[in-house]
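To keep things clear, I will list the structure first and then write my remarks on it.
What follows is calculated from the coordinates using simple rules that are stated; it is not laboratory data. Quick caveat: nothing in here was measured; it's all calculated off a predicted structure. Here Cβ is always computed from backbone atoms with ideal geometry, including for glycine, and neighbour counts include all displayed protein chains.
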Amino acid sequence: MFVIVTKYLIPKGYNGLTLFPFIMVRNDFDKANKVLINHEKIHIKQQMQLLVFPFLIWYMIEFLFRWFQFKDRNKAYRNISFEREAYANEQNLNYINEMRFWSFHNYLKK
């Protein structure tokens, strides 16, 4: 895992982005944000479990489905199962050690 500071690769309104094995953060001070880094580490583990390419395909398909469902980009993003798992557990700094295989499926909702 490598943490890189880059404000140009991260969409506006977001502070971090993960593409295995890189965690990209918008600002230098974000590297010290344990909750943000933990959120992104959860995505690293999700990508490792699904392998990177299938993760990206699933992420995009679920985003498009949620966007159609909610008619709102931010609400769609917040309801992607991978994001729901990461947001629900970002405060638990031991979560990546406790994570079960494909635990994101518990965060799929109808």
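At most 16 other Cβ atoms within 10 Å and a DSSP loop assignment: could you name the chymotrypsin sites (Phe, Trp or Tyr not before Pro) in region 1-48 that fit?
Details: sites: Phe2, Tyr8, Tyr14, Phe22, Phe29; in loops: Tyr8, Tyr14.
Taking region 1-48 and a limit of 16 other Cβ atoms within 10 Å, the loop chymotrypsin sites (Phe, Trp or Tyr not before Pro) found are Tyr8, Tyr14.
In order along region 95-102, the Karplus-derived 3J(HN,Hα) couplings, from 6.51 cos²θ - 1.76 cosθ + 1.60 at θ = phi - 60°, round to 4, 5, 7, 9, 4, 8, 4, 6 Hz, and Gly and Pro are given as x. Once both labels are positioned 7 Å from their Cα atoms along Cα-to-Cβ, the gap between Gln49 and Phe22 label points is 2.5 nm.
For Val3, the residues 5 or more places off, or on other chains, whose built amide H falls under 5 Å of its own are Ile23. Across region 69-85, computed HN-Hα scalar couplings (Karplus, 6.51 cos²θ - 1.76 cosθ + 1.60, θ = phi - 60°) run 5, 9, 6, 8, 4, 5, 5, 4, 4, 5, 9, 5, 4, 5, 6, 4, 5 Hz from first to last residue, x flagging Gly and Pro. Show log10 I(q)/I(0) for the chain at q = 0.13 Å⁻¹, two decimals, from a solvent-free Debye sum over equal Cα scatterers. Ignoring solvent entirely, the Cα scatterers give -0.46.
Placing dummy labels 7 Å off each Cα toward the beta-carbon, the span from His105 to Asn33 is 3.2 nm.
Bridge orientation summary for the chain: considering DSSP beta bridges with both residues in this region, about 50 percent are antiparallel.
Phi angles of region 32-37 translate, via the Karplus equation with coefficients 6.51, -1.76, 1.60 and θ = phi - 60°, into HN-Hα couplings of 8, 7, 4, 5, 4, 5 Hz per residue; Gly and Pro are given as x. Here Leu9 and Glu98 are evaluated by their C-beta separation; at R0 = 25 Å the FRET efficiency comes out at 0.25. Distance between the 7 Å Cα→Cβ label points at Arg84 and Leu64: 2.0 nm. Taking Cα centre as origin and charging only the Cβ of basic (Lys, Arg, +1) and acidic (Asp, Glu, -1) residues, the dipole magnitude of the chain rounds to 340 debye.
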